[in-house]
Amino acid sequence: MLALLESGFARTALEISSAVRIPEREVADHLVHLEKTLRSRGSKLTRLPAQCLSCNFVFRKREKIASPGRCPLCKGEFIAEPSFRVEIRTAEVYNSADHSIRLKGKEKK
């Protein structure tokens, strides 16, 4: 699943489930675990929010991984699923004087 999400393309839960051959309802649990693992490695699981296809409302503040049931504005049920991808953070600055690597504002020695 990690290799699939690191490919650079955002994938929905349905696409992930068909690629790794697990039920779609189990993908959310795996993504929560993967998010914690990536955080410890210095990478990040990025969520592209779900969007209502009727009125274009974007579910930006939604924390749940699963797709919402209906739109709060138009009450429509035609909603594009959220997508996920992995952002790999790379070393931005290497300071050879003190041998430290700075990763987006954080210093590691």
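Where a number appears in this text, it was derived from the coordinates with a stated rule and is not lab data. Everything quoted here is computed from the prediction, not taken from an experiment. Every residue, glycine as well, gets a Cβ built from its backbone with ideal geometry; the counts of neighbours run over all protein chains shown.
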Can you report the number of residues in the range 19-30 which are within 16 Å of the chain's Cα centre (by Cα), hydrophobic (A, V, I, L, M, F, W, C) and surrounded by fewer than 18 Cβ atoms within 10 Å (Cβ to Cβ)? 1
Taking the range 32-89 and the residues there that are part of a loop (DSSP other than H, G, I, E, B), aliphatic (A, V, I, L, M) and in contact with a helix residue (DSSP H, G or I) (Cβ under 7 Å, 6 or more places away or on another chain), the one that is surrounded by the most Cβ atoms within 10 Å (Cβ to Cβ) would be Ile65
Just checking, does the range 3-18 include any residue being surrounded by fewer than 17 Cβ atoms within 10 Å (Cβ to Cβ), among the β-branched types (Val, Ile, Thr) and under 15 Å from the mean Cα position of the chain (by Cα)? no
Look through the range 40-78, keep the residues that are within 22 Å of Arg11 (Cβ to Cβ) and aliphatic (A, V, I, L, M), and return whichever of them is farthest from the chain's Cα centre (by Cα). Leu53
